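Structure record follows, encoded as structure tokens.
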Amino acid sequence: MAIDLMSVAGWMKDFATQIHDNADLLTDLDREIGDADHGANMDRGMRAVIDLDPSTFPSAADYLKKVGMTLVSTVGGASGPLYGTFFLRVGTAWPDVENPDLVGLALRAGLDGIIQRGKAAIGEKTLVDALSPALDEFDANAGDGMGTALQAAAVACAAGRDATIPLVARKGRASYLGERSAGHQDPGATSMTMLIEAASRTLS
Amino acid sequence: MIGIVVVSHSRSLGLAVSDLAAQMVPPEARPQMRVAAGLDETTFGTDAAAIAEAIMEADSGAGVLVLVDLGSAILSAEMALEFIDPELAARTKISSAPLVEGLIAAIVTASTSATLEEVCAEAVQGLAGKQDQLGDSPADSMATPAPTEGGLRFSWMIRNPHGLHARPAAALVSGLRGIDATIRISNTTLSKGPVSASSLTSIQTLGLRRGDLMEAEIIGPESEKAYSTLTDLAHSNFGESKDIEPSINATRLDHPRQDPMRTGHQIVIGEARYIAIDPDASEYIAGDVPTELARLNAAIDAVAQTLENLDKGSTLGIYGVQLLTLKDEFTLDELRSDIQGGLPAIEAVQDRFTSFAEQFEAIDDPYLRARAEDQRGIQRMLIRALLGSEVSPGLASGILIMPELDPITAGTLDPELCLGVITTSGGASGHGVLLAQSRGFPLLTGRADARTIPDGTLLAIDPVEGRLFIDPDDEELSTLKEEQSKRAAATAEAIRLAHKPAVTGSGTRIIVEANIASIQGAHDGLEAGAEGSGLVRTEVLFADWDHAPSVDEQAEVFIAIGKALNHQTITIRTWDPGGDKPLPFLPQDPEPNPMLGERGIRVMRRLPDLLDDQLAAILLASQETPVRVMFPMITSPKEMLWARSRLVDATRKVGGQIQAGMMVETPASALRARDFLDLADFISIGTNDLTQYTLAVDRGNSSVTEVAKGDRSAVWDLIAMAADAFKGRPVCVCGDIASDPESVARLIAAGVTELSVRAPLIGMIKQAVRAVPCAVQIRE
């Protein structure tokens, strides 16, 4: 069976809760190296997402694409097009059978979308630094089932997030700070970790 | 009239700037304008969907200019282009113009019914007026470098074939020397650095390979000058402009005409002489700090003197690099501070250069890794100088055994005294080894077993077979001497007859040609006796171009090659990218299995324009010099039919008429060669790929070379099948088998009519042809 619409909606609800509860943390992180809007922006976007009625969508894939479009139109900051692209691509590639390898490919399509949109590479202190190792671990553990793969991904994602602390930002507002951006955790990598951790709680 | 869309984080800013700009033109002349700004009246943000809608509304068929404020406005605008009709997206341009000034310039220009490009150009120039008035415009607005915190930033993709190795790195260091600016260089691709651009050693440890992104941060009073110097250096590929195989080419130029008998293939017999290349420093008695500093300076001067003398007699450039390595500011500072910290000069030299050498050895690139030898070469010379002995290891006689061969030793080897060299741990591609080989010294590298040979032992080296004879007995010795004189006689005979045709014992004429990858290679080929070329590797010929060469540029090179070969027929293979041969101007996504991926003609089917241009160039060249064309990686008649149809189209445009053939390099085309009889005027068998695809051995993987060298009966059968199908037409072999004298008879027996080989081997291959007796011709 597919990872059904309701599980995916549960994933979004869990993520929205995490974002809402940690909005101040995200905004504070963003204040250190950016424009202090990441928490508020993501919270606004995810609230609009949970206002969607999942039962009106024919499939999880369609729902995920709508999540992407909703974020594009409601987040406002750079996270809008970045997370928007992520969900649009994930939705487009979301499998209609439950197969961890295919889910891995869908998530990777999302990562590729983010890289393409933001022109970010690994090591530039962005959410790519969290998502990329997470998907590597997901793929490595996909053979042991969704649950194991997602748990491994969540652990790697958090490690990637923590590893952004010493990095010097090369993208976005933080890059204006140059060397001074080192020593701060990247807010985008932080929210991305919440997304993958939410997936490990809801999709396995 | 084009339309204009304003994208801003703030709705009030977006509306206000539109009102301001609208004042500039009367209402009836205003272009369509839409504002996509803010998430609502008060919430800052941008919305890709709203931008997409605004673009659709603003377009009246002439295109849309999108002006953005910053940050996510750019991302959202780019995303909007994906939401709209691709045709509309194609006539929509997101401008980097400043929002206020750019919008005003855009509205005014658009109202004159200017094109999208014209409006865009004006908008981007929007700041010029203000800059002029306030006098803070960058000196050269055409080449405005991107500012970094108070400095400039320069980015460049390295396209030198061996990356930023010693010579180009040295060109960079010396080019920037004396400019009053602090320049720090990083390898962005590997996230290494930044390091100072004044340190050759540090730059080399960045491991900048071809395709890596180099970034320089420039700060200081003369940063503009440094920026433009760096730009010039980069555009000349740091002095390596069109040098396709820099080390090899330079080596060849260094000793242009030495005794052609000294091929480096000769058997030599002589006494072992162990060169203690690492001098014994235990006798060194350290003085106080000023003494040690003075000794270091004296040693550096002595070594510099030796290097300068060597450099004068050489165009190789290696000694210049060594000089820069020696005088590297970073290195010298480190040495001095070590000595000031109480370390004797000799220990400072030992520690520092050992650590540099280790850094090079840690680099994941065999070419740069071999540069560790340069570091150790300098270290040895400095230590010898500090010990008060001769800087160079001396002119020893006999067969020299040494741990490794550095360029200084290689350059000072005396052909009157030194018979050959055996290294016990060095690799086969160091500067020193290349240099000694080009100077005609027989070499064996990496022979650990030679370490224990006592001085004075009688040795013999057969460099062709890679064999070392230790203390050969009388019988072995006489066999060796016999072989030695036989080989010498054969070389002499091959040289004497190199320019004569090669005919077998039964009277079959075999064409022996050169494989060509550069214009210089064509000159060398003619000199070696080539009867034209059976393979011109276009992808190697233009491998260091950052843009696809134009029709005229290609034609010019092809004509130059034909001319260099005395207007004998050359066979031009169309672009064969992919696998292990990427082209910088032809980006390809990495493939998990490139050898089985998009290679050769498969790439051209995706990018037919590149093939069309090349065919036009080949046809143009054919009007000046005899040319054939052949297509690589053909597996089915459909592909060949497609390639020929492109050739027909090109012929219609350019004129000319040429023979068209194909590479047979897959089992598919060899097995079904008969299917191509109506499509190919000739075939050329690429035995390297044919072997790889038949025996399932990766040609670049040294752990399976033994399989490739083993039983090749299947490959031989395929060669015979292909040649048989094309009986009566030219059948060429251009792979490595053709360069193997032992295989020549069998190839001819199979029906091969042309052999295209490495230029230096032409004489020998012609001799191998002549040695083919009547008997093998019995076949028909």
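Some observations on this one:
- Helix B:345-361 and the longest principal axis of the Cα set of chain B meet at an angle near 70°.
- Minimum 50 Å² accessible area buried by the other protein chains, the stretch A:57-106 residues, probe 1.4 Å, relative to alone: A:V72, A:S73, A:G76, A:P81
- Counting, for every residue in B:39-46, the Cβ atoms of other protein chains within 10 Å of its Cβ and taking the mean gives 5.
- Shielding by partners for peptide B:349-358, expressed as the average number of C-beta atoms from other protein chains within 10 Å of each residue's C-beta, is 0.
- The simple spin-label model puts a point 7 Å past each Cα toward its Cβ; for B:L293 and B:S425 those points are separated by 3.4 nm.
- For A:D62 and B:A89, the FRET efficiency from 1/(1 + (r/R0)^6), where r spans their Cβ atoms and R0 equals 25 Å, is about 0.55.
- Heavy atoms of B:S485 accessible to a 1.4 Å probe, total area in Å² rounded to 10: 70 Å²
- Chain B packed on chain A takes about 1600 Å² of accessible surface away from a 1.4 Å probe, both sides summed.
- Karplus (6.51, -1.76, 1.60) ³J(HN,Hα), θ = phi - 60°, over the stretch A:46-51, in Hz, Gly and Pro reported as x: 6, 5, 5, 5, 6, 6
- For the pair B:V25 and A:D112, a Förster radius of 51 Å applied to the C-beta separation gives a FRET efficiency near 0.70, rounded to the nearest 0.05.
- Computed Rg/Rh of the protein assembly as shown, alpha carbon atoms with Kirkwood Rh: 1.02
- Per-pair calculated FRET efficiency, R0 = 60 Å: B:S636 and B:E308 via Cβ, rounded to 0.05: 0.50
- Nonpolar atom fraction for chain B, defined as the carbon and sulfur part of the 1.4 Å probe accessible area, stands at 52 percent.
- Spacing of the two label points (7 Å from each Cα toward its C-beta) at B:D681 and B:D724, in nm: 2.7 nm
- The stretch A:5-202 - accessible surface per residue (Å², probe 1.4 Å): 38 Å²
- Here the Kirkwood formula, the inverse mean of 1/r across different C-alpha pairs, assigns the stretch B:3-134 a hydrodynamic radius of 14.4 Å.
- In a fully extended conformation the segment linking A:I165 and A:A182 would gain 5.5 nm over its present Cα-Cα distance, using 0.36 nm per residue.
- Fraction of accessible area attributable to carbon and sulfur, the stretch A:33-149 (%, probe 1.4 Å): 53 percent
- Separation in nanometres of the label points that stand 7 Å from Cα toward Cβ, at B:D180 and B:K192: 3.4 nm
- Annotation: extensible slack from B:E358 through B:K653 equals 100.4 nm (criterion: 0.36 nm per residue apart, minus Cα-Cα distance).
- Surrounding net charge for B:G377, when Lys and Arg each add one and Asp and Glu each subtract one, Cβ distance under 13 Å: -1
- Net charge over other residues, Cβ less than 12 angstrom from the Cβ of B:V629 (K, R count +1; D, E count -1): +3
- When both bridge partners sit in the protein assembly as shown, DSSP labels roughly 40% of those beta bridges antiparallel.
- Net length gained if the chain between B:M157 and B:K709 were fully extended (0.36 nm per residue, minus Cα distance): 194.9 nm
- Cβ-based net charge around A:G147, under 14 Å, with every Lys or Arg adding one and every Asp or Glu removing one: -3
- Compactness of chain B is given as radius of gyration and Dmax, 32.3, 107 Å, from Cα positions.
- Short to long, the 10 Å bins of the Cα pair-distance histogram for the stretch B:141-244 hold 17, 54, 27, 2 percent of all pairs.
- Fraction of the pair-distance distribution of the stretch A:5-202 above 26 Å, Cα-Cα pairs, percent: 25 percent
- Kirkwood Rh, angstrom, the stretch B:498-779 [1 / mean 1/r, Cα pairs]: 18.9 Å
The values are calculated or read from the model by the stated rules, or taken from the named source; none is laboratory data. Computed from a prediction, not measured in an experiment: that's the story for all the values here. Cβ: placed from backbone, ideal geometry, glycine included. Neighbour counts: every protein chain shown. These area figures cover heavy atoms from the full protein model, side chains too; ligands, DNA and RNA do not enter into them. Shrake-Rupley method; radii C 1.70, N 1.55, O 1.52, S 1.80 Å.
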